[in-house]
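Student: Quick one: structure below, then a few questions.
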Amino acid sequence: MITKKGISASPGVAIGPALVLDTEEYRIPRRTIHPSQVAKELRTLDAALEASRQEVSELRTALSRKMGQQTSAIFEFHEKFIADSKLRNTVAAKIENDLCTAAYAFSHELNRQQKAFRAVPDPYIKERVTDLFDIEKRVLRHILGRTREDIARLSEPVVIVAHDITPSQAVQLDRQHILGFVLNVGGQTSHMAIISRALRVPTVVGLTDATAEISGGEMVIVDGTHGIVIAEPDLATLERYQALQQEYERFETRLRGLRHEPAITRDGQPISLLANIELPQEVEAALEAGAEGIGLYRTEFLFLGSDRMPTEEQQYEAFSSAVRAARGKPVTLRTLDLGADKLATSMGVQHDHNPVLGLRSLRYCLLNLDLFKTHLRAMLRATVEGDVRIMFPMIATLMELRQAKATLADVMEDLEEESIPFRRNVPIGIMIETPAAALVADALAQEVSFLSIGTNDLTQYTLAVDRGNERVAHLYSPHNPAMLKLLRMIMRAGHRAGVEVSLCGEMAGSPIYTQLLLGLGLRKLSMAPKDVPEVKQLIRSTTLADCQRIARKVLQFDADRQVLNFLRDEARKVLPPEAF
Ligand code: PEP
Ligand code: MG
């Protein structure tokens, strides 16, 4: 039994067999074979070992000519290792005894050796782990004939164990068969974490080396609520988690019962709860969960799944179908937020050394005006279908906002000339997700109808902590005193300008923060659909007076730990223990 602690990304408990995707996306599921297939698997193994050995030998000769004996010696180790009859016999015995495939048996044996090498204190031996990894990939490529199996078509329920899943892979996932995610990298607000919450799939991220320690087919428990992953659990542990899983499901069912109850504090303050979505098909589920509309539609997800930029018609189709599905409820269309970890193939190769600070989001749109105008045309055309708002992301300066608005005005003129209907008075808002925007929120608020605080990026930029990097995840806290000061500042700016302020970062969906946010003056929160019932439950259990007291108190703290402990204690006073 191996227990690993990572970062909780999506709550709930999942139990099932692991499907390990290595960095080259090979699926090595544990498949039982019929005894009559053993001979064929042994032939596959031998052929793959021989082909790999030859490949390495040729590589060594070529390298020694080009770079000298010393460099080519690296491959001497590879060649000897692959040619070792002990390795071949161990793998062959596993195929025969366990009736498994050559790919599985080989990958299992190499994983075992990697673990053993890693445990040796000698740094020379430790370094050989990378070589073993390299060898494993080479031989697997031959065994599997270079075919990369497709995670979009799974045949059985599995827990996906991977180094990382990109947002573009994530949107193509076969949702039906995925029980949970276990990822080496990522933090609480990395896009993969957001997606897994939207999919309601228990997920633990930031585990560093889960792909090396868990083998395909092993039974895995994913405790997404506490950020724990257990491979090959003993019976007592398994039973304990099965009970927890049932308890969590009962809790979720109870929450679903709150769907049609109003989000109103005990002392009568109504709060607007909206949903964040990535795809138009999610609108239905968002309303089902009790959301009063869509506070953030991340339209870039339409661009992530395909190799080409979607046409105006395709975009219009997606936006208008979301608006129609909302049946008159508000839908906030955010303009393209591509870049950083949300790279579309159609954007071409990016050379930004530091993509989070690079040519992303609105900056990218303002430099690719044709693409931006097509995008805005599709949005404007959808405004006649219901209550649409348009929101610009990643604003850092007043000039950017003015440029974006001028482009929108140009597109409006074009549509008018072509007699294409749209709503001229569509409300225009911006996201406040850079410290620069927070600091000039007063001026920005003069030129828009609403502000929406994006705490995911605002935290990353304020604290200079990459939101997707597990190595600094412990420093990523939206409740940091610096953040709280910025939040208060934005709220005041909105209030002075008479402009509505909402919050659509992940913070909005975590009940630990609800009292603080209400206390700071927020009356509108947008979150993953699945978070709506839990946040509503908290709102219905507290009073605005209490929230204001809590906000006043935490604004005096100077350490984020202090803030979090206090907020947790306050939330625990009103919510049942299963919520944490
Ligand atoms: C944010 O940054 O808080 C936000 C909501 O946008 P995204 O998570 O899509 O960057
Ligand atoms: Mg953002």
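The values are calculated or read from the model by the stated rules, or taken from the named source; none is laboratory data. Owing to the predicted nature of the structure, the values given are computational and were not obtained by experimental measurement. Here Cβ is always computed from backbone atoms with ideal geometry, including for glycine, and neighbour counts include all displayed protein chains. SASA here: full protein model, heavy atoms, side chains in, ligands and nucleic acids out. Shrake-Rupley method; radii C 1.70, N 1.55, O 1.52, S 1.80 Å.
Each row is one residue, and each column tells you yes or no for (1) hydroxyl-bearing (Ser, Thr, Tyr); (2) open to solvent by less than 50 Å² (accessible area, probe 1.4 Å).
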site: 219; (1), (2): no, no
site: 223; (1), (2): no, yes
site: 228; (1), (2): no, yes
site: 236; (1), (2): no, no
site: 242; (1), (2): no, no
site: 254; (1), (2): no, no
site: 265; (1), (2): yes, yes
site: 280; (1), (2): no, yes
site: 283; (1), (2): no, yes
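Student: If I filter the range 400-421 for residues that are under 18 Å from residue 314 (Cα atoms) and open to solvent by 10 Å² or more (accessible area, probe 1.4 Å), do I get at least one hit?
Tutor: Yes, some residue in the range 400-421 is under 18 Å from residue 314 (Cα atoms) and open to solvent by 10 Å² or more (accessible area, probe 1.4 Å).
Student: Given the condition away from ligand 1 (no atom under 12 Å from the Cβ), closer than 23 Å to residue 297 by Cβ, among the hydroxyl-bearing types (Ser, Thr, Tyr) and surrounded by fewer than 24 Cβ atoms within 10 Å (Cβ to Cβ), answer yes or no: does some residue in the range 471-487 qualify?
Tutor: No - not one qualifying residue is present in the range 471-487.
Student: Something else now. Among the helices (runs of 4 or more DSSP H) confined wholly to the range 412-474, which include 1 or more residues that are of a type in the set (Val, Ile, Thr)?
Tutor: Working: elements: 435-439, 441-445, 455-463.
In the range 412-474, 455-463 are the helices (runs of 4 or more DSSP H) which contain 1 or more residues that are of a type in the set (Val, Ile, Thr).
Student: Let me ask something else about it. Quick test for you: out of 455, 514, 462, pick the one residue that is under 19 Å from residue 557 (Cα atoms), within 14 Å of ligand 2 (Cβ to nearest atom) and either among the hydroxyl-bearing types (Ser, Thr, Tyr) or outside the structural domain of residue 432 (by TED's automatic domain parsing) (or both).
Tutor: 462
Student: Could I ask something else about it? For the range 435-454, which residues satisfy the criterion of being over 19 Å from residue 363 (Cβ atoms), surrounded by 16 or more Cβ atoms within 10 Å (Cβ to Cβ) and more than 13 Å from ligand 1 (Cβ to nearest atom)?
Tutor: Scanning the range 435-454 gives 441, 445, 449, 450.
Student: Considering only the range 488-510, how many residues are open to solvent by 10 Å² or more (accessible area, probe 1.4 Å) and on the phi < 0 side of the Ramachandran plot?
Tutor: Of the range 488-510, the ones open to solvent by 10 Å² or more (accessible area, probe 1.4 Å) are 488-489, 491-492, 495-502, 506, 510.
Next cut, on the phi < 0 side of the Ramachandran plot only: 488-489, 491-492, 495-497, 499-502, 506, 510.
Number of matching residues: 13.
Student: Any residue that is within 26 Å of residue 272 (Cβ to Cβ) and in contact with an Asp or Glu (Cβ under 8 Å, 6 or more places away or on another chain) - is there at least one of those in the range 373-390?
Tutor: no
Student: Based on what the data block shows, is residue 336 touching a strand residue (DSSP E or B) at 6+ places or on another chain (Cβ under 6 Å) and either surrounded by fewer than 23 Cβ atoms within 10 Å (Cβ to Cβ) or among the hydrophobic types (A, V, I, L, M, F, W, C) (or both)?
Tutor: Details: touching a strand residue (DSSP E or B) at 6+ places or on another chain (Cβ under 6 Å): no; either surrounded by fewer than 23 Cβ atoms within 10 Å (Cβ to Cβ) or among the hydrophobic types (A, V, I, L, M, F, W, C) (or both): yes.
Answer is no for this residue.
Student: Right, next: Out of curiosity, is residue 306 touching a Pro at 6+ places or on another chain (Cβ under 6 Å) and polar (S, T, N, Q)?
Tutor: no
Student: Here's something else I'd like to know. Examine the range 563-571 for a residue that is over 29 Å from residue 256 (Cα atoms) and surrounded by fewer than 16 Cβ atoms within 10 Å (Cβ to Cβ), and state whether such a residue exists.
Tutor: Scanning the range 563-571, I find no residue that is over 29 Å from residue 256 (Cα atoms) and surrounded by fewer than 16 Cβ atoms within 10 Å (Cβ to Cβ), so the answer is no.
Student: Restricting attention to the range 369-391, which residues are of a type in the set (Lys, Arg) and either within 14 Å of residue 404 (Cα to Cα) or touching a helix residue (DSSP H, G or I) at 6+ places or on another chain (Cβ under 8 Å) (or both)?
Tutor: 373, 377, 381
Student: So, one more: Is one or more of the residues making up the range 425-434 surrounded by fewer than 24 Cβ atoms within 10 Å (Cβ to Cβ), within 12 Å of ligand 1 (Cβ to nearest atom) and closer than 30 Å to residue 204 by Cβ?
Tutor: The answer is yes, given that some residue of the range 425-434 is surrounded by fewer than 24 Cβ atoms within 10 Å (Cβ to Cβ), within 12 Å of ligand 1 (Cβ to nearest atom) and closer than 30 Å to residue 204 by Cβ.
Student: In addition: I'd like to verify a number: residues in the range 204-243 that are aliphatic (A, V, I, L, M) and closer than 30 Å to residue 287 by Cβ, how many? Spell out the reasoning first.
Tutor: Pass one, the range 204-243, residues aliphatic (A, V, I, L, M): 204-205, 207, 210, 212, 214, 219-222, 228-231, 235-236, 238, 243.
Next, from what is left, pick out any that are closer than 30 Å to residue 287 by Cβ: 204-205, 222.
The number of residues fulfilling the criteria is 3.
Student: While we're looking at this one, here's another question. Check 489, 507 and return the single one that is modelled with pLDDT of 95 or more and within 16 Å of ligand 2 (Cβ to nearest atom).
Tutor: Just a single option satisfies the conditions, and that option is 507.
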